[in-house]
Amino acid sequence: MLLTPALLQIRIWELINTEKPIPLAVLISLLVFSVLSWGVVFAKWNSLRKARAANSSFLRAFRKATGLDALALAGEQFRDSPLAAVFGFGYEEIERQLKTLGRVKNKTAVERMLHLGASQEASRLEDRMNWLATTATVCPFIGLFGTVWGIIEAFNALSFSGAASLRAVGPGIADALVATAMGLGAAIPAAIFYNHFGHVIRHLGVRMEEFVLEFMNLAERTFEEPMVGQPARLQGRERSAFGEG
């Protein structure tokens, strides 16, 4: 029996209206997985799109900057940028050392804070990705379970009816295959978007690690050679203000 889209909708509706608890539980589970995974897909697509656009804007501002303070003041403009968040971690550590030690004495601590910020941003970007992985992995098996259960019921009904013909067993098998179709319908998009988003997140992670080096270079230039127009607390720093010791 050919399952056209219209016939598939009819079969799904018939299964939903059935009083059999296991087929109904299978269909509800697949529906919940599908709806939630699509919610994750749309939310993740939007957040990653904003992150990439904000990163580009922040990098342009960062590479034109002659010091760190101006970027820190403009941080609210790049709230969607993971690179801006990493910048905030490094800048806060520099501020802490300036207030307590009078200079940036430990650049290793600044670098550690930058890596910590990159790690936290990577974790934030990966949030809810596990749901897509779970949907892609589990839904085919849930659908297969529903199909096997439906075929068992179809053959049990056939044994009681005594009519050994395709016309007798066909509708039951078609109903059972609906569960497989729904399982694949939930799993395939989840797997595709999981791989796509994973590639984007890995790219953003590499960019954050590269940004750590850019930040350290700018910070060393800022504190070793004070720029004209920077705040008074940065003026007159020794050329070794970013050195160890």
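Just so you know, all these numbers are worked out from the coordinates, no wet-lab data involved. As the structure is a prediction and not an experimental result, all values here were calculated from the model. All Cβ positions, glycine included, derive from the backbone under ideal geometry; neighbour counts span all protein chains shown.
Each of the peptides 206-213, 182-189, 133-140 was scored by the mean count of other Cβ atoms within 10 Å over its residues; in descending order, highest first, they stand as 182-189, 133-140, 206-213. In this simple spin-label model, placing a label point 7 Å from the Cα along the Cα-to-Cβ direction at both Leu31 and Ala53 gives a separation of 3.5 nm.
Packing here is the average count of other Cβ atoms within 10 Å per residue, and on that basis the peptides 110-117, 65-72, highest first, run 110-117, 65-72. Within segment 5-223, the ratio Rg/Rh, alpha carbon atoms throughout and Rh by Kirkwood, equals 1.29.
Here segment 5-223 is treated with +1 on each Lys and Arg Cβ and -1 on each Asp and Glu Cβ, and its dipole about the Cα centre works out to around 640 debye.
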